[in-house]
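Worksheet: one structure, shown below.
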Amino acid sequence: MRKSVLLAATATVFAGAALADMAAPQFVTLQNSDMLSSNIVGLDVYDGANHTIGKIKDIAFDNSKAVKGYILSVGGMLGMGARYVAVDPGSVNVKYDSADKKWHANMDATMDQLKAAPEFKYEGEWNASKS
């Protein structure tokens, strides 16, 4: 019993120390031109001839929380047989069209180029539970 209380007290001290190391919350003001991930994930990506070449399925961030890439789903039918590729966010033009009030994604690539790109696999930490 005494050992359990000591362990619980030690865990509480370490948890408090970890919380003390966290920075105070910082708040930002977003601009109308800023994008939300919910506006980007799920967008179909079109080539220059307006053919669908993929769909944005995810967004990857580096350790500094900067966007490192978009994960595109390429090929497949009805969610079967699709493969994933990670592309530089600068190679995908994502913009809001105020005329039709929709977000659009275009890329200077072909379906064949995306199919030949290195495959991204959801493994390890990328496939871990969120809670």
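The values are calculated or read from the model by the stated rules, or taken from the named source; none is laboratory data. None of the values given here were measured: they were computed from a predicted structure. Glycine gets a Cβ as well: all are built from the backbone with ideal geometry, and neighbour counts include every protein chain shown.
A few remarks follow.
- Among the candidates ILE59, ILE53, the residue that is of a type in the set (A, V, I, L, M), touching a residue at least 60 places away in the same chain (Cβ under 8 Å) and in contact with a helix residue (DSSP H, G or I) (Cβ under 9 Å, 6 or more places away or on another chain) is uniquely ILE53.
- For the range 54-81, the set of residues classified as loosely packed, with under 14 Cβ neighbours inside 10 Å and assigned to a strand (DSSP E or B) consists of PHE61, MET77, MET80, listed by residue number.
- The residue that is farthest from VAL41 (Cα to Cα), counting only those in the range 85-101 that are at pLDDT below 95 and part of a strand (DSSP E or B), is ASP97.
- Residue in the range 26-41 that is in a strand (DSSP E or B) and not hydroxyl-bearing (Ser, Thr, Tyr) present: no
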